[in-house]
Amino acid sequence: MVDSTIVLNGQTIAYSIYAVVIILLIAWFGYKITKTGKAGVLKTRLFTALVIFLIVLGVSLHITTNLTIPWVSIDLNRDNITPDEVINISVANHKFILPEEKLSVKAGEIVLFDVTSEDLTYGFGVFRQNGSMVCQMQVVPGHRNDLMWEFETPGIYTIRSTEYSGPKGHQMILPDVLEVTE
């Protein structure tokens, strides 16, 4: 699985370039259509060809980047995947209740976080040391809430709520509670 930071950076660059090209095309179109003195300066075939090119490029970009999103293959093949480890976590009264004080998983293994809420809707997110999110899900009481993930990068991770659950929700942070080892 590709690290989500790499995917995010790549998508930011690709979609920024794509957006700039579209903006330039629309600006060129606006300039040509409002230019005075000549009727029919804008070539319909050229403009149509550029629009078709951008549509093909955009669809290709979406298909290509879709295949790089880390969780897609796990979600699509979920029925055929047996996790290497299942971590059961419950949430109640604005607190995460872990099976152990510190969690440890191995890089390259698939982990299933099975999270149950006893009272409110919470979020469950795993974050890197720099504060960027690795993965997350919403945790709804009375429903199955599980997240399957494969950690590629060893390190220390934080678990925190990613959903507003009232004024106490901001304190739902368990710093450095998940260690991914080689």
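Okay, residues lined up against (1) out of contact with any Asp or Glu (no Cβ under 8 Å at 6 or more places or on another chain); (2) modelled with pLDDT of 95 or more:
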residue: Ile63; (1), (2): yes, no
residue: Thr68; (1), (2): yes, no
residue: Asp75; (1), (2): yes, no
residue: Cys135; (1), (2): yes, no
residue: Val139; (1), (2): no, yes
residue: Tyr157; (1), (2): no, yes
residue: Arg160; (1), (2): yes, yes
residue: Gln171; (1), (2): yes, no
residue: Thr181; (1), (2): yes, yes
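Within the range 146-165, the set of residues being within 13 Å of Phe127 (Cα to Cα), hydroxyl-bearing (Ser, Thr, Tyr) and more than 16 Å from the chain's Cα centre (by Cα) comprises Thr153, Tyr157, Thr158.
Whether any residue in the range 135-149 is in a strand (DSSP E or B), in contact with a helix residue (DSSP H, G or I) (Cβ under 7 Å, 6 or more places away or on another chain), aliphatic (A, V, I, L, M) and assigned by TED's automatic domain parsing to the domain that holds Gly166 is what I want to check. Yes, because at least one residue in the range 135-149 is in a strand (DSSP E or B), in contact with a helix residue (DSSP H, G or I) (Cβ under 7 Å, 6 or more places away or on another chain), aliphatic (A, V, I, L, M) and assigned by TED's automatic domain parsing to the domain that holds Gly166. Residues in the range 110-121 that are assigned to a loop (DSSP other than H, G, I, E, B) and either surrounded by 14 or more Cβ atoms within 10 Å (Cβ to Cβ) or of a type in the set (Ser, Thr, Tyr) (or both): Leu120, Thr121.
Which residues, counting only those in the range 76-109, are buried (at least 18 other Cβ atoms within 10 Å of the Cβ) and not in a loop (DSSP other than H, G, I, E, B)?
Selection gives Ile87, Ile89, Val91, Phe96, Leu103, Val105.
Of all residues in the range 46-60, none that is touching a residue at least 12 places away in the same chain (Cβ under 8 Å) and within 14 Å of Ile26 (Cβ to Cβ) has its Cβ atom under 8 Å from the Cβ atom of a residue that is aromatic (Phe, Trp, Tyr) and not in a helix (DSSP H, G or I), 6 or more apart or on another chain. The number of residues in the range 137-155 that are touching a Lys or Arg at 6+ places or on another chain (Cβ under 9 Å) and on the phi < 0 side of the Ramachandran plot comes to 4.
The values are calculated or read from the model by the stated rules, or taken from the named source; none is laboratory data. Everything numeric here is computed off the predicted structure, so don't read it as measured data. Please note: Cβ atoms are built from the backbone with ideal geometry, for glycine as well, and neighbour counts cover all protein chains shown.
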